[in-house]
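Peer 1: The following block contains the structure, expressed as structure tokens.
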Amino acid sequence: MKKTIYILLSLLILSCSSGQKNDDKETKAQITEKQQEIKKLQNEVKELQSKLNTEEESQGYIEPVSIKTIKPENFKHYFNVSGNVEAVNQAMISPEATGRIKSITVKEGQVVRKGQILAYLDNSVLKNTIDEVQTQLNLANTIFERQDRLWKKKIGSEVQYLQAKNNKESLEKKLQTLNAQIDMSVIKAPISGIIETINQKNGEYASPVMVMMQIVNLSRMKITADISESYLPVIHKGMIVNVSFPTYPELMLSEAINRVGNVVSTSNRSFEIEVDFNNVDGNLIKPNIIGEIKINDYSDDSAFVVPANVIRQDPKGYYVYIASNVNGKNIATKAYVKPGLSYNNNITILNGLKANQNVIINGFANVSDGSQIKIVNN
């Protein structure tokens, strides 16, 4: 019985192995068939391509081109200049008198109002001097009042009266000067703004030649730029320009020129312009960043405009190719032109073209004067 089972199992394994080999043969046959079909298609493509090349050689290849029909259109030319951004209102704070700093009452970054006290200088010596002068003035007033009463009664000399009067008035002026110096020891904000920097500390000596602190008001900004003197005829106060900032590429402002310089610099043959503007969001634009001014110096509502790259040049001058219909065929014809200003990859044509002529704007590099062309789009 066991021998019979072993024989049956062996026959079953041999049968499966034989079936597996048959399946592999069928798959290989299918692959071979598909490869033959691909080879046949490749040969057909080669034959068709060879036939097409033969026809083109016999008939002559026709270059496909695209054209632009010339019509009067609006053209504007701009030029850009870079300038430095500043705050319209900013101040470097220094005391009017020399003295030791008693206390600084503000911090960097603090918002202050015009007239707000920023610091105190030590004025104890001045106060003592004022007390002394005040005492002298009180005595001088008493003496003057007595001399005045005596003089009115014709008692005493005029010299005594005048001396008493002069002494009183002199001390009054001295007291006024000392009180003014006391006021100078109190440093106040000349403008409203933000304390940007504080350069000194309590206990240090301050003087009019040293900057104690800086205040900047960011609500109103300005950009100044130097422009070549050649633009003097087209630049004027009130002219609208576009202002942008490399730091904020998406931001563009339209503002008026509020000042045009009246003197041309001898060092670089330029003059200065200034554009004021309200700060964005109150304080987005910071002093000393770079700003760019875009100025429109030329406009024409009826210009002939073509892409700048279609302009070619030979010994006779500048030219473009136009598409002309000759005996029912489209022919590339060379037309000599006089180019004008260019901007944004476009250029004006001052003469040499007429309205409704078709200028070749694509494929012009592959044609010559008299070449037959095929217009693929308008």
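The values are calculated or read from the model by the stated rules, or taken from the named source; none is laboratory data. Just so we're clear, the structure is a prediction, and the values are computed from it rather than from any experiment. Virtual Cβ from ideal backbone geometry, glycine too; neighbours counted across all protein chains shown. Quick note on the areas: whole protein, heavy atoms, side chains included, nothing else; ligands and nucleic acids left out. Shrake-Rupley method; radii C 1.70, N 1.55, O 1.52, S 1.80 Å.
Peer 1: For every helix of n ≥ 4 consecutive DSSP H residues, a contribution of -39,500 (n - 2.57) applies; sum these over the chain, divide by its total residues, and give [θ] at 222 nm rounded to the nearest 500 deg cm²/dmol.
Peer 2: When only DSSP H runs of four or more count, the value is -11000 deg cm²/dmol.
Peer 1: Measure nothing but the geometry: give the 0 to 90° angle between the long axis through the Cα atoms of 2-59 and the longest principal axis through the Cα atoms of the chain, rounded to 10°.
Peer 2: So the inclination is approximately 80 degrees.
Peer 1: Shifting gears a bit: Taking only protein heavy atoms and a 1.4 Å probe, what accessible area per residue, in Å², does region 78-180 have with all protein chains in place?
Peer 2: 66 Å²
Peer 1: Quick one: work out Rg over Rh on the C-alpha atoms of region 187-334, Rh as Kirkwood radius.
Peer 2: 1.24
Peer 1: On to the next question. Given the protein chains as shown and a 1.4 Å probe, how many square angstrom of VAL159 are accessible, to the nearest 10?
Peer 2: Number for this one is 90 Å².
Peer 1: Return the long-range amide H neighbours of ILE93 (sequence gap of 5 or more, or a different chain), with a cut-off of under 5 Å between placed amide H atoms.
Peer 2: Excluding prolines and chain starts, which carry no amide H, the hits are MET212, MET213, GLN214, ILE215.
Peer 1: Assuming a viscosity of 1.002 mPa s and a temperature of 20 °C, what translational diffusion coefficient in µm² per second does Stokes-Einstein assign to the chain, Rh being the Kirkwood radius over Cα pairs?
Peer 2: Rounded to a whole number, D works out at 67 µm²/s.
Peer 1: Between ILE360, ILE143, ILE223, where does the largest GNM mean-square fluctuation fall for the chain, given springs only between Cα atoms within less than 10 Å?
Peer 2: Checking each option, the largest mean-square fluctuation is seen for ILE143.
Peer 1: Where is the GNM fluctuation largest for the chain (alpha-carbon springs, 10 angstrom cutoff): ASN344, ASN283, ASN327?
Peer 2: Of ASN344, ASN283, ASN327, the most mobile in the Gaussian network model is ASN327.
Peer 1: Restricting things to Cα coordinates, could you compute the convex hull volume per residue of region 239-296 in Å³?
Peer 2: Cα convex hull per residue, to the nearest whole number: 106 Å³.
Peer 1: Carbon and sulfur together cover what percent of the accessible area of region 197-347 at a 1.4 Å probe radius?
Peer 2: 48 percent
Peer 1: Please report the accessible area of LYS201 (heavy atoms, 1.4 Å probe, ligands and nucleic acids excluded) in Å², nearest 10.
Peer 2: Taking all protein chains as shown, LYS201 has close to 140 Å².
Peer 1: Could you tell me the largest-minus-smallest coordinate of the C-alpha atoms of region 316-359 on each of the three principal axes, in descending order and whole angstroms?
Peer 2: Rounded to whole Å, the extents work out to 37, 23, 16 Å.
Peer 1: Also, quick follow-up: When ligands, DNA and RNA are left out and all protein chains stay put, how many square angstrom of accessible area per residue does region 267-371 have with a 1.4 Å probe?
Peer 2: 53 Å²
Peer 1: Using only Cα atoms, locate the centre of region 240-262 and the centre of region 294-334, then give the distance between them in Å, rounded to an integer.
Peer 2: Result: 34 Å between the Cα centres.
Peer 1: I would also like to ask the following. Using a 10 angstrom cutoff on alpha carbons, build the Gaussian network for the chain and name the most mobile of ALA355, ALA119, ALA303.
Peer 2: In the Gaussian network model the winner is ALA355.
Peer 1: Can you tell which of SER66, VAL243, THR348 lies farthest toward the positive end of the dipole of the chain, using +1 and -1 charges on the Cβ of basic and acidic side chains (Lys, Arg; Asp, Glu)?
Peer 2: VAL243
Peer 1: Treating the beta-carbon of each Lys and Arg as +1 and of each Asp and Glu as -1, no other charges, what is the dipole magnitude of the chain about its Cα centre, to the nearest 20 debye?
Peer 2: 680 debye
Peer 1: Take the alpha carbon gyration tensor of region 148-208, find the square roots of its eigenvalues, order them as a ≥ b ≥ c, and report rounded if a/c is under 1.5; if not, report prolate when a/b exceeds b/c, else oblate.
Peer 2: Prolate.
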